[in-house]
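What follows draws every value from the coordinates through simple rules; no lab data is involved. Note that this is a predicted model, so its numbers are computed, not measured. Neighbour counts run over all protein chains shown; Cβ positions are idealised from the backbone, glycine included.
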Amino acid sequence: MDKQVVIGKIVAPHGVRGDLRILPQTDTPEQFLDLTYLLLPGGGKLTLERARFHKNMVLVTAAEVKSMDAAEALRGQSVSIYREDLPQLKSGRYYVSDLVGMPVYDEAGKQLGVFKDALQTGSADAYVIATPEGGEILVAAISDNIKEINMAERRMVVHLPEWEEVK
């Protein structure tokens with residue numbers, strides 16, 4: 001099966017005709033304007049007729065959702081698209097889903113753990129590295145700390161601040 005990537009969450013119906021109010025969970029919310037489908041958990045698929053922005057939400061009209069009750073039944077569900085339909089990123093930018101599970105090493109070559117997630121903190125993302133012992137290391141995603149991301153070899157090299165160094 002094709003890899004799917006979550007790009008938003010249905011938070012509520014919008015109006016009485018069955019439009020969906022979706023909170024984008026992507027750095028490129030404008031992609032909703034060009035999509036022709038959204039995938040639902042469990043294998044469902046929505047055919048998009050229209051998408052538009054309203055405040056910080058995307059309002060979507062889907063062919064399969066004809067009433068407010070039908071839209072209400074979808075509340076809380078994540079919406080995804082196939083990985084190959086994601087917009088191309090600039091060089092040096094990565095989708096978090098492509099980094100998850102990637103081994104992470106320090107500059108001396110010692111494996112610290114695996115990439116688990118990225119947290120949006122406002123000024124710079126923080127990368128979460130899951131350690132073999134079950135702990136987590138947070139590393140600010142800035143050039144001083146992220147020394148290498150090699151997608152071909154599936155490895156990341158980071159510089160840990162003094163207070164985060166693993167003994």
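Free of any GluC sites (Glu not before Pro) that DSSP assigns to a loop and that have at most 10 other C-beta atoms within 10 Å, the longest stretch within the chain is 1-132. Across segment 56-68, rounded Karplus estimates of 3J(HN,Hα) from the backbone phi angles (6.51 cos²θ - 1.76 cosθ + 1.60, θ = phi - 60°) give 9, 10, 10, 9, 10, 9, 10, 4, 7, 10, 10, 9, 5 Hz, Gly and Pro being marked x. Remark: the Cα gyration tensor places segment 96-162 in the rounded category, a/c being less than 1.5. Mind listing which trypsin sites (Lys or Arg not before Pro) in segment 50-143 are in a DSSP loop and have 13 or fewer other Cβ atoms within 10 Å? Answer in residue order: Lys55, Lys66, Arg75, Lys90, Arg93, Lys110. Take the alpha carbon gyration tensor of the chain, find the square roots of its eigenvalues, order them as a ≥ b ≥ c, and report rounded if a/c is under 1.5; if not, report prolate when a/b exceeds b/c, else oblate. Prolate is the answer for the chain, as a/c is 1.5 or above and a/b outweighs b/c. Put the Cα centre of segment 1-25 next to the Cα centre of segment 113-143 and the gap is 27 Å.
The order of Val158, Val79, Val6, Val114, going from fewest to most other C-beta atoms within 10 Å of their C-beta, is Val6, Val114, Val158, Val79.
Placing pseudo-labels 7 Å out from each Cα toward the beta carbon at Glu72 and Thr26 gives an inter-label distance of 2.9 nm. Compared with the direct C-alpha span, the chain from Val100 to Lys55 gains 13.1 nm at full extension, assuming 0.36 nm per residue. For the pair Thr121 and Lys45, a Förster radius of 35 Å applied to the C-beta separation gives a FRET efficiency near 0.55, rounded to the nearest 0.05. Backbone geometry of segment 72-87 corresponds, through the Karplus equation with coefficients 6.51, -1.76 and 1.60 at θ = phi - 60°, to 3J(HN,Hα) couplings of 4, 5, 9, 3, x, 7, 6, 10, 10, 9, 6, 3, 5, 8, 6, x Hz, x marking Gly and Pro. Taking amide H as placed 1.01 Å from N in the peptide plane, Asp117 has its amide H under 5 Å from the amide H of Val128, each at least 5 places away in sequence or on another chain. Amide H to amide H, with H built 1.01 Å from N, Val11 comes under 5 Å of Arg21, Ile22, Leu23, Gly76, counting only residues 5 or more places away or on other chains.
Label-to-label distance for Tyr37 and Lys90 is 3.2 nm, based on points extended 7 Å past Cα in the beta-carbon direction.
Here the extension length gained between Leu160 and Ala108 equals 17.6 nm, from 0.36 nm per residue of separation less the Cα-Cα distance. Electrostatic bookkeeping for Leu89 treats Lys and Arg as +1 and Asp and Glu as -1; over the other residues with beta carbon under 13 Å from its beta carbon, the sum is +1.
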